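*Asks:* I'd like to ask you about the structure that follows.
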Amino acid sequence: MSAVIDSHGTSHGHDDHHDHGAPAGLMRWVTTTNHKDIGSMYLWFSFVMFLVGGVMALTIRAELFQPGLQIVRPEFFNTMTTYHGLIMVFGAIMPAFVGFANYLIPLMIGAPDMAFPRMNNWSFWLLPPAAILLIGSFFAPGGAAGVGWTMYAPLTSQMGPGMDLTIFAVHILGMSSIMGSINIVTTILNMRCPGMTLMKMPMFVWTWLITAYLLIATMPVLAGAVTMTLTDRHFGTSFFNAAGGGDPVLYQHIFWFFGHPEVYIIAIPAFGVVSQVIPAFSRKPLFGYASMVYATSSIAILSFIVWAHHMYTVGMPVAGQLYYMYATMLIAVPTGVKVFNWVATMWKGSLSFETPMLFALGFLFLFTLGGFTGLVLSMTPVDVQLHDTYYVVAHFHYVMVAGALFSAFAGVYYWLPKWTGRMYDETLGKWHFWLSIIFFNVTFFVQHFLGLAGMPRRIPDYHTQFTEFNVISSIGAFGFGLSQLLFLYIVLKALRSGEKAADKQWDGADTLEWTHLPTPMPYHTFENPPTIK
Amino acid sequence: MSSTTPTHNYYLPEPSHYPVVGSVALLLMLGGMALWFNGLAFGQWSTLAGLAVLIYMMKIWFGKVIEESEGGLYTKRVDVSFRWSMGWFIFSEVMFFAAFFGALFYARLYSVPELGAVDQKLLWPEFNSAWPTAGPNAMDAFTPMGAWGVPAINTLLLLTSGVTLTVAHFGMLENNRGKLNLWLGLTIALGVIFLGFQAYEYSHAYSELNLKLTSGIYGTTFYLLTGFHGFHVTVGTIMLIVVWVRCLKGHFTADHHFAFEGVAWYWHFVDVVWLFLFIFVYWF
């Protein structure tokens, strides 16, 4: 093994041009064109945003701890639900997976870096201005926009200047995503090492190829939607104004044409991470690799033709409701293929349960549960009852938190030894997992019951009959939030005093970064591409 | 695309401060616009300052790219990267226009007929839901823009510019620089004339047809669709001028001129968008 690593991994001669003349300190990070630096910055940025969005979530749960208005005004409560959603989706989860993509794709396909390193830097450094605009909207006259993360018209037409700051933040985030995605697609299509055919790529790379395609196709549509909102607000256009011949429902169509693929933009890279972690800890190759590729592609294509299942209650012909219902249910088929393949990968495997595997299994159980509640919601007559209730909130938090976030944790624990050269504390990692999964379920499982009983979402007060479940949910939320500080401690502890990690820390890991590169990795890798047979 | 060309001599740039300059520019510009649109005079200056910084950033960044390209740093592999990325960028632009065409089709097929339906008669008894319309609450009448005046001439101009650009490309491939420079210059001239006609059309619409941005859903879709298209023609024309100046300076060779091809792809894309505009906004 070490012979392989020596012949390909360690870099020769001219790889050290970062050493002379390159800026040090803060400017190293501002000006870097190295995919590993940029990947790290994405991951740290997303963690900071995760804490910001988390504080907003805890504000919501604190207010909902008991009925009546205690802590915040209703208007402020609305801004909390709005920016919690926007920050978690665009600031935390998406950048986290782009961070994984930046760090790992060049390593996994044996490329020296991303295709466009300078543009890669810009994709990241567009995020801080967007975060400044988003958070800055809280200081605008009239405060931030309390419109919900979906930014539905006509409410958006009635908000103050904070709405405009948010609109421009979305524009910048869109630019960042489009540039990042073009970079990822180009890297995957053009930078693979000799022998790395498309169907030999690690599953994580495949999932990002598909995700990047979804991003390039949908982020411009979101940009169009918020641009229409902007011109309706300030220049007298009538896109969403019925008096001028437009329609507020038009906004919902355009938004969800972006919004439904967005769900898969978040979920598909999570599938990719899990598809690396489960085989590694089962010590078996991924079961049904080709069917995984086709299933993921099918999910991506179907995601474009089901958007109006978010809008059953706005008024739609019965034929439309039937179409969207059946098309949505169809997505359960490729998703079922994926879940089956993950389970089949473990079948008769030599399993071990280190922290990455625990989070991957947590993902597998709870994401599947979120998928099932999604299937429940896809049925029009059921959805008409449950629309805008806590059942929906529970559903998408099972997908977003126990799905995407747990997968991101699995990825961090899995690759941290490779990235930093140091191991995390396995005992504390397991504590983090068990605290997270227990408190997650305490927080969100009861919300199914609240929704079924009719509690509406995005409302700061509620009828006293909902009190017990809300108390439980709030306790769970604070437990979950505090558990994430343990995660920060684990990462910092690993960086400071973790044990030295091996070149191939996990027995079952079979991608190039484990088999062909030393730990810790040199600053530049694969300047001479390896050859895959 | 093919896995046979090696990546080991793939050009990786040094650390660069251009991106962060661009980020500061966008923060100043878009933050400024948010203030400006809400009546804070300071916002104007912030927007202008941001725009100036953005133009400066593009000048130094693209200048560096041209320098690297002429310095022979871009191998065949890098060239292929440029091709993929330009293609995907144009796809993202297609989706941006798709949102606005979607709004047009939705208004014409759903929202306007719905507003004229029987169950809306109580609210809007007078409303005739025929296209073009400024909606049930229209304040004053307007005349829609006809297809067979200036727009038809503009169609001809853009289609011709596609041909002249192709002739210029043949000049490049044949190493005939005179032909290249002449026909590329003609393409730019056609683009500028198109923009002139477009400006005239807008002023005609405002002064004589009473067709304004505020003229309900017709004015909204008309100005936003033609306006974003006009913006893209402007950007395309600027890119063509840059490529033309580079041609005059003797840049590019018969087998290394992706800047030219990329701009040509973009120009043809803008051309195709115009054809859809001509059919669905002006004609039918």
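*Asks:* What tally of residues in the stretch B:69-108 results from selecting those that are farther than 30 Å from B:Ala134 by Cα, at the interface with chain A (Cβ under 7 Å from one of its Cβ atoms) and of a type in the set (Phe, Trp, Tyr)?
*Replies:* Of the residues in the stretch B:69-108, 4 are farther than 30 Å from B:Ala134 by Cα, at the interface with chain A (Cβ under 7 Å from one of its Cβ atoms) and of a type in the set (Phe, Trp, Tyr).
*Asks:* For a quick check of your reading of the model, give me the residue pairs whose first member lies in the stretch A:236-256 and is more than 7 Å from chain B (Cβ to nearest Cβ), whose second is acidic (Asp, Glu) and surrounded by 21 or more Cβ atoms within 10 Å (Cβ to Cβ), with beta-carbon atoms closer than 7 Å and at least 6 apart or on different chains.
*Replies:* A:Phe240/A:Asp232; A:Phe240/A:Asp247; A:Asn241/A:Asp232
*Asks:* Considering only residues of the stretch B:20-35 that are touching a residue at least 24 places away in the same chain (Cβ under 8 Å) and at the interface with another protein chain (Cβ under 7 Å from one of its Cβ atoms), which is surrounded by the most Cβ atoms within 10 Å (Cβ to Cβ)?
*Replies:* Only one residue fits best here, namely B:Leu26.
*Asks:* Does the stretch A:194-213 include one or more residues that are open to solvent by 10 Å² or more (accessible area, probe 1.4 Å), touching a Leu at 6+ places or on another chain (Cβ under 9 Å) and either charged (D, E, K, R) or farther than 27 Å from A:Ile109 by Cβ (or both)?
*Replies:* Among the residues of the stretch A:194-213, not one is open to solvent by 10 Å² or more (accessible area, probe 1.4 Å), touching a Leu at 6+ places or on another chain (Cβ under 9 Å) and either charged (D, E, K, R) or farther than 27 Å from A:Ile109 by Cβ (or both), which makes the answer no.
*Asks:* For the stretch A:167-184, check the following and say yes or no: at least one residue is open to solvent by less than 10 Å² (accessible area, probe 1.4 Å), aromatic (Phe, Trp, Tyr) and more than 7 Å from every other protein chain (Cβ to nearest Cβ).
*Replies:* No: zero hits.
*Asks:* Mind listing just one residue for me: the one in the stretch B:238-284 that is assigned to a loop (DSSP other than H, G, I, E, B) and open to solvent by 70 Å² or more (accessible area, probe 1.4 Å) and, of those, modelled with the lowest pLDDT?
*Replies:* Selected residue: B:Phe284.
*Asks:* Would you call B:Ala52 in a helix (DSSP H, G or I) and buried (at least 17 other Cβ atoms within 10 Å of the Cβ)?
*Replies:* No: the conditions fail for B:Ala52.
*Asks:* Among the residues that make up the stretch A:131-146, is at least one of them in a helix (DSSP H, G or I) and closer than 23 Å to A:Asp461 by Cα? Full working, then the answer.
*Replies:* To start, the set of residues in the stretch A:131-146 that are in a helix (DSSP H, G or I) comprises A:131-139.
Among the residues that remain, those that are also closer than 23 Å to A:Asp461 by Cα are: A:138.
Yes: one or more hits.
*Asks:* Where residues in the stretch B:109-132 are aliphatic (A, V, I, L, M) and facing chain A (nearest Cβ under 10 Å), which of them is farthest from the chain's Cα centre (by Cα)?
*Replies:* That would be B:Leu123.
*Asks:* Right, next: Please verify whether A:Met329 is surrounded by 22 or more Cβ atoms within 10 Å (Cβ to Cβ), touching a Leu at 6+ places or on another chain (Cβ under 9 Å) and assigned to a helix (DSSP H, G or I), treating the condition exactly as stated.
*Replies:* Considered against the rule, which asks whether it is surrounded by 22 or more Cβ atoms within 10 Å (Cβ to Cβ), touching a Leu at 6+ places or on another chain (Cβ under 9 Å) and assigned to a helix (DSSP H, G or I), A:Met329 comes out as no.
*Asks:* Let me ask something additional. From the residues in the stretch A:453-490 that are among the aliphatic types (A, V, I, L, M) and buried (at least 19 other Cβ atoms within 10 Å of the Cβ), which one is nearest to A:Phe440 (Cα to Cα)?
*Replies:* Residue satisfying both the conditions and the ranking: A:Ala477.
*Asks:* Quick check: is even one residue across the stretch A:169-185 over 20 Å from the mean Cα position of the chain (by Cα) and assigned to a helix (DSSP H, G or I)?
*Replies:* The answer is no, given that none of the residues of the stretch A:169-185 is over 20 Å from the mean Cα position of the chain (by Cα) and assigned to a helix (DSSP H, G or I).
*Asks:* Can I ask one more? Could you please give the count of residues in the stretch A:263-298 that are outside any helix (DSSP H, G or I) and of a type in the set (Val, Ile, Thr)?
*Replies:* 0
*Asks:* Take the stretch B:55-81 and flag every residue that is outside any helix (DSSP H, G or I) and β-branched (Val, Ile, Thr). Can you show your working first?
*Replies:* Step one: of the stretch B:55-81, the residues outside any helix (DSSP H, G or I) are B:71-75.
Across the stretch B:55-81, the qualifying residue is only B:Thr75.
*Asks:* Let me ask something else. Is there a residue being in a loop (DSSP other than H, G, I, E, B), buried (at least 18 other Cβ atoms within 10 Å of the Cβ) and of a type outside the set (Asp, Glu) anywhere in the stretch A:38-51?
*Replies:* no
*Asks:* Next question. Can you tell me which residues in the stretch A:226-235 are farther than 16 Å from B:Leu30 by Cβ and in contact (Cβ under 8 Å) with a residue 60 or more places away in the chain?
*Replies:* Listed by number, the list holds a single entry, A:Asp232.
*Asks:* On to the next question. So in the stretch B:137-165, with the set limited to residues that are within 17 Å of B:Glu208 (Cβ to Cβ) and out of contact with any helix residue (DSSP H, G or I) (no Cβ under 8 Å at 6 or more places or on another chain), which one is most open to solvent (accessible area, probe 1.4 Å)?
*Replies:* Only one residue fits best here, namely B:Trp148.
*Asks:* Restricting attention to the stretch B:46-78, which residues are in contact with a Gly (Cβ under 7 Å, 6 or more places away or on another chain) and over 18 Å from B:Met239 (Cβ atoms)?
*Replies:* B:Ser46, B:Thr47, B:Gly50
*Asks:* Out of all the residues in the stretch A:281-304, which are within 14 Å of A:Ile331 (Cα to Cα), surrounded by fewer than 21 Cβ atoms within 10 Å (Cβ to Cβ) and of a type in the set (Val, Ile, Thr)?
*Replies:* A:Ile301
*Asks:* Moving on to the next point. Criterion first (open to solvent by 10 Å² or more (accessible area, probe 1.4 Å) and within 14 Å of chain A (Cβ to nearest Cβ)) does B:Gly216 satisfy it?
*Replies:* Details: open to solvent by 10 Å² or more (accessible area, probe 1.4 Å): no; within 14 Å of chain A (Cβ to nearest Cβ): yes.
Considered against the rule, which asks whether it is open to solvent by 10 Å² or more (accessible area, probe 1.4 Å) and within 14 Å of chain A (Cβ to nearest Cβ), B:Gly216 comes out as no.
*Asks:* Can you work out which of the residues in the stretch A:113-131 that are under 18 Å from the mean Cα position of the chain (by Cα) and surrounded by fewer than 23 Cβ atoms within 10 Å (Cβ to Cβ) is nearest to A:Pro522 (Cα to Cα)?
*Replies:* That would be A:Pro128.
*Asks:* Does any residue in the stretch A:443-459 that is more than 16 Å from A:Arg61 (Cβ to Cβ) come within less than 8 Å, Cβ to Cβ, of a residue that is of a type in the set (S, T, N, Q) and surrounded by fewer than 17 Cβ atoms within 10 Å (Cβ to Cβ) six or more places away or on a different chain, and which pairs are these?
*Replies:* A:Ala453/A:Gln465
The values are calculated or read from the model by the stated rules, or taken from the named source; none is laboratory data. Computed from a predicted model, the values in this text were never measured in an experiment. Backbone-built Cβ (ideal geometry, glycine too); neighbour counts: all protein chains shown. For accessibility, only protein heavy atoms count, side chains too; no ligands or nucleic acids. Shrake-Rupley method; radii C 1.70, N 1.55, O 1.52, S 1.80 Å.
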